Every structure is written in structure tokens, then in C-alpha cells.
Amino acid sequence: GRPPSSPMPRTDTEDASETDLAKHDENDCVEIKEQMYQDKLASLKRQLQQLQEGTLQEYQKRMKKLDQQYKERLRSADLFLQLETEQVERNYIKEKKAAVKEFDDKKVELKENLIAELEEKKKMIENEKLTMELTGDSMEMKPIMTRKLRRRPNDPVPIPDKRRKPPPDILKLLNYLLTDEQIMEDLRTLNKLKSPKRPVSPSSPVEHLPSTPVDVPSQRYEARIEEGKLYYDKRWYHKSQAIYLESKENTKISCVISSVGTNEIWVRKTSDSTKMRIYLGQLQRGAFIIRRRSAA
């Protein structure tokens, strides 16, 4: 066969034309890139100018969103402030009412305690004075026995001594805390203990005492006060406890213990809120009987 034909050799003219063409293409590419750069730079400058003037669309869009968020946050803060203010005012009114109520309660309790203490001291003084009168051991100065001489015809009329006043009737000055029947019963008991029984002769003076029969209680109750609590009939009673109060007349009253003193208790009737004072002696003698009841 025929041998393969060898390629035609390139001439210098062809090489030069190709080189010029490549340079021309390269220059065109550089010019295009330069134009693109200039266009982008001009666009950025234009956007920067609009941004400085505040007319850039993207800036206005984002500013509108930020403004909405700002206004929403302010509205939430105002609502939170309003709610917190209302809560603080409610707490203030509540605390103020509680403070006023506590002050009034403490004032009433202080007044009741002081009245109970003063009444107890008054009762002790009255009891001591009554005891001294009954036993004959009086604090009054006893008159000195002097012998009276007959007045002579020329002697002046003696002037009565007005310096020493007669002792007042103790029974009229006492503010009785017991009924007349209970007082006479105690007096009869004291008289029986003080003087032995003896037959009454027709010539002997007769005691002028009421002829009513003596109602000696058949049962005595254990009653004492310790540490502000009442121990009565093997049970403990405290302040604000609901009870029934029974008397000799078979009356049954619904009460609440309002305070416990040193020798007495104060109870408040649930019907009309009036208060009564009951002494330990009355509970021990059975003049009043206490029963527990439900607070409801």
C-alpha cells in the first residue's frame, strides 16, 4: 500500500495570525471584566448613596421590620408594667387590710387581758377584805376602851370626836360576783365551821339567817388553770374553744372561750356575743358545768 502522507508543514504567516487572534481575544476578555467591574462598582456606589439618603429599598424593608419589633416590644413592656403595678397595688391593699385587722385584734386582746387582770386583782382585794370582816381580823383601828366619868355640873359639854369615821358597811361596798343564795350558803358554811353546835336555849339570841334550805353541792369538780389553759373535769380547755355552759337552773348556753385568766375564764355567747366571767370556785362547786361541743 501507499505510505501515509505526512502533514503539511506550518508556515510563519499562519503562526503569526493565530498569535494575533489569541491576543485579541485576551484583550476582549480583559475589557469585558473591566466593564463588569465598573458596572458593579457603580451599582454599589449607587446603593451606598441611596443608603445614605435612606431610599434604599432593602434598607427601608429592614427598617420597617425593626420598627415593628420595637413597637411590639414597647407594647409588651407597657402591658407587663400595667400587670405588675396592679399586682403590687392588690398586694398592698391586702397587706394593709391584714395589718389593720391584726392591730384591731391585738388591741382588743390587750384590752381584754388588762381588764381581766384588773378584775382579778380587784376580786382578790375584795375577798381579802371580806374574809377579814368575817373572821374578825379587821384592818380598822379598834377603839380603845376607856372609862367614862360622870360629868360635873360646871364642866363643859364634851364635843364628839369627828376624826374617826365609823367603818362603812362592807356588805354595801362589795360588788357581789355571786348570787345572794351562793353568798348566804358560804356564810352559813363559815358560821358552822367557826362556832361548834350547841343547843339553843330560850334565853339565847337566835341568829337571824334566812330559813331557806342549804343546797350543799353533792359533787365537786376539779378545776385549775395552768399556762393559759383550763383543766376541768379531767379535760383541757383552751382559748377560742367551743363549749356548752350549763348552770344550776338547767340552762344550756352555747359559748366560746374568749380568754383564760389566772383565776377565771371569759366566755362569749354565740347567740348575742355577750361575755360572761366564770371563776374557778364556781366551776369547782358545780355552779357552772362545762361541756365540749363541736366548733361547727
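For the reader, a short list of remarks on this structure follows.
- Out of 108, 157, sole residue that is β-branched (Val, Ile, Thr), at pLDDT below 95 and surrounded by 10 or more Cβ atoms within 10 Å (Cβ to Cβ): 108
- Any strands (runs of 3 or more DSSP E) falling wholly within segment 217-296 and containing at least 1 residues that are farther than 20 Å from residue 183 by Cβ, touching a residue at least 60 places away in the same chain (Cβ under 8 Å) and among the aromatic types (Phe, Trp, Tyr): 264-269
- Any hit, segment 72-86, residues being open to solvent by less than 80 Å² (accessible area, probe 1.4 Å), of a type outside the set (A, V, I, L, M) and closer than 30 Å to residue 264 by Cβ: no
- Residues in segment 37-65 that are open to solvent by less than 100 Å² (accessible area, probe 1.4 Å) and of a type in the set (A, V, I, L, M, F, W, C): 41, 42, 48, 51, 56, 63.
The values are calculated or read from the model by the stated rules, or taken from the named source; none is laboratory data. Given the structure is predicted, the values throughout are model-derived calculations rather than measurements. Every residue, glycine as well, gets a Cβ built from its backbone with ideal geometry; the counts of neighbours run over all protein chains shown. Heavy atoms of the whole protein, side chains included, go into the accessibility calculation; ligands, DNA and RNA do not. Shrake-Rupley method; radii C 1.70, N 1.55, O 1.52, S 1.80 Å.
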